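Shown next, in structure tokens, is the structure this report addresses.
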Amino acid sequence: MEIRNLIIGMDIGRKESQICYYEKGTQDAVSAPVKVGSARSAFPTVLSRIPDTGEWHYGLEAEFFAEQKNGVLIDQLYDLCADGNSCFVDGEEYSGGDLLAVFLQKALTMLGVTDPERQVDGMMITVPFLTKPFVRAIRTAYEKLSIPRSRGYLQDYKESFYFHTLYQKPEIWTRKVGLFHFSEEDVTFASLNLNHKTRPVTAVVDEGKTLHLSADLQERDAEFRGMIEDSLRDELYSSIFLMGEAFDKAWAIRSTALLCRGKRRVFFCDNLFARGACFAAREKVDERTLKGYLYLGSDLIRYNVGMEMKINGAPAYYPLVTAGVNWYETEKECEFLLDDMTELIFVVSEMEDGKRNRYSMALPGLPERPPKTTRLRLHMEYDSPGRCQIDVEDLGFGEMFPSSGKTWHETMEG
């Protein structure tokens, strides 16, 4: 079997999804068409299963076979993943992660991928917002496809906007960069801001307003023009990106003229998030083009967590969590021996100013034992940028001091 070292970005939206792959010849992210010879790259985020054969279909095929062969149409795939729910298909229960694995496996056939473990060097999935259930669903899907955690990534739309922008020519992002995203009858605004006074250069995506557009095209043009004035104001933007089929220059006459004012570059990109995901996967796999930049997203953990302990008999600081990584990428487990303490003390320091605070976790009911004869297992996992779940288990100390079986749980917020 041919081994293809593919780098893939996939946008999974509530209604539609897209796939891009990194083309090494052009050094660009290219959209995969839904079928050979078609210019269409977006396909419905749906699955269907034919009861008689148990055969699965995705996208346009899923809708067709559900109608023609009385297949079970699963059009709530996105919501199942986002909410952590499950559903029954032909009497079998499937979690969002189970269904997402089927959806990904089918969608990857667009690129000729039949063995993701061997053919995929890196894959980034991007979604509008990341919830803990969605993270779990994506991790489950990657695991079922045998894509290890070191090659299976995830991020939200804002981070994909950041990667897409910084993989463009530098003149595109010399100043602020704006994004108007049209989704059905709504349009949202976001802006990318770079602070070149810091080292590394820090980047922030700020969310703006959301506007529901009128059905009347003249009113829609006037409404969008007003949104542009309100969003851009008098600030300097080097470029503006437009995304979404609801935008059309046929009705956006006055608003398009305003977008282009002040020598702003204006681009329409119908696959911005999938391309941004593909560039992000490329960055993580082997490019490292943006090593001088740090994206300060809303999913970023902004403080360090560690413990002060003795290592080889000498006092030392043992890091557990390092600031500057996304909450869903952070998980820590370790084992250690207690000296003469009956509680755990965590040292928490801010990423920006380094200010340190101490956080104590009581261990009620911990058996009394001589120093260094109590072994504990510590597991830390985040469910949001500012909330860490801490679990501790008493492992005892061999046959001399068996485990009590006690466990403790703490939620550390900051």
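In table form, for the structure just shown:
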read-out: Residues that are under 19 Å from the mean Cα position of the chain (by Cα) and in a helix (DSSP H, G or I), drawn from the range 65-84; value: 77, 78, 79, 80, 81, 82, 83
read-out: Enumeration of residues in the range 28-64 that are assigned to a loop (DSSP other than H, G, I, E, B), modelled with pLDDT of 90 or more and charged (D, E, K, R); value: 55
read-out: Failed criterion for residue 152 (all others in (1) within 21 Å of residue 232 (Cα to Cα); (2) touching a Phe, Trp or Tyr at 6+ places or on another chain (Cβ under 9 Å) hold); value: (1)
read-out: Hits in the range 147-187 (condition: open to solvent by 50 Å² or more (accessible area, probe 1.4 Å) and within 18 Å of residue 16 (Cβ to Cβ)); value: 183, 184, 185, 186
read-out: Search result, residues across the range 362-376 that are open to solvent by less than 70 Å² (accessible area, probe 1.4 Å) and at negative phi; value: 362, 363, 366, 367, 369, 370, 373, 374, 376
read-out: Residue within the range 351-361 that is of a type outside the set (Asp, Glu), open to solvent by less than 70 Å² (accessible area, probe 1.4 Å), farther than 29 Å from residue 139 by Cα and part of a loop (DSSP other than H, G, I, E, B) present; value: yes
read-out: Out of 192, 211, sole residue that is part of a strand (DSSP E or B), touching a residue at least 12 places away in the same chain (Cβ under 8 Å) and over 21 Å from the mean Cα position of the chain (by Cα); value: 211
read-out: Index of the failed condition, residue 158 passing every other in (1) of a type outside the set (S, T, N, Q); (2) under 17 Å from residue 384 (Cα atoms); (3) not in a helix (DSSP H, G or I); value: (3)
read-out: Hits in the range 345-367 - residues which are under 29 Å from the mean Cα position of the chain (by Cα) and within 18 Å of residue 393 (Cα to Cα); value: 346
read-out: Subset of the range 65-81 that is at pLDDT below 90 and surrounded by fewer than 18 Cβ atoms within 10 Å (Cβ to Cβ) - its residue that is nearest to residue 100 (Cα to Cα); value: 72
read-out: Filter result (open to solvent by less than 50 Å² (accessible area, probe 1.4 Å) and touching a helix residue (DSSP H, G or I) at 6+ places or on another chain (Cβ under 7 Å)) within the range 18-30; value: 18, 19, 20, 22, 29
read-out: Qualifying residue in the range 192-209 (condition: among the charged types (D, E, K, R), modelled with pLDDT under 95 and closer than 29 Å to residue 21 by Cβ); value: no
read-out: Residue within the range 401-413 that is open to solvent by 40 Å² or more (accessible area, probe 1.4 Å), within 24 Å of residue 315 (Cα to Cα) and not aliphatic (A, V, I, L, M) present; value: no
read-out: Residues being open to solvent by 10 Å² or more (accessible area, probe 1.4 Å), in contact with a Phe, Trp or Tyr (Cβ under 9 Å, 6 or more places away or on another chain) and of a type in the set (Ser, Thr, Tyr) - total across the range 112-146; value: 0
read-out: Test for residue 87: is it at pLDDT 90 or above, hydrophobic (A, V, I, L, M, F, W, C), open to solvent by less than 30 Å² (accessible area, probe 1.4 Å) and part of a strand (DSSP E or B); value: yes
read-out: Matching residues, the range 195-207, being within 18 Å of residue 239 (Cα to Cα) and open to solvent by 40 Å² or more (accessible area, probe 1.4 Å); value: 195, 196, 204, 206, 207
read-out: Any strands (runs of 3 or more DSSP E) falling wholly within the range 238-336 and containing at least 1 residues that are open to solvent by less than 40 Å² (accessible area, probe 1.4 Å) and aromatic (Phe, Trp, Tyr); value: 293-295, 303-311
read-out: Residue list for the range 16-27, filter: in contact (Cβ under 8 Å) with a residue 40 or more places away in the chain and either within 22 Å of residue 286 (Cβ to Cβ) or in a loop (DSSP other than H, G, I, E, B) (or both); value: 19, 20, 21, 22
read-out: Filter result (more than 11 Å from the chain's Cα centre (by Cα) and among the aromatic types (Phe, Trp, Tyr)) within the range 137-164; value: 142, 161, 162, 163
read-out: Residue in the range 339-350 that is open to solvent by less than 50 Å² (accessible area, probe 1.4 Å) and of a type in the set (Asp, Glu) present; value: no
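Condition check ((1) more than 21 Å from residue 327 (Cβ to Cβ); (2) touching a helix residue (DSSP H, G or I) at 6+ places or on another chain (Cβ under 6 Å); (3) not basic (Lys, Arg)) across all residues:
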position	(1), (2), (3)
101	yes, yes, yes
106	yes, no, no
115	yes, no, yes
131	no, yes, yes
135	no, yes, yes
143	no, no, yes
163	no, yes, yes
170	yes, no, yes
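The values are calculated or read from the model by the stated rules, or taken from the named source; none is laboratory data. Please read all numbers here as calculations on a predicted model, not as lab measurements. Glycine also receives a Cβ, built like all others from the backbone with ideal geometry; neighbour counts cover every protein chain displayed. Please note that ligands, DNA and RNA were not included when accessible areas were found on the heavy atoms of the full protein model with its side chains. Shrake-Rupley method; radii C 1.70, N 1.55, O 1.52, S 1.80 Å.
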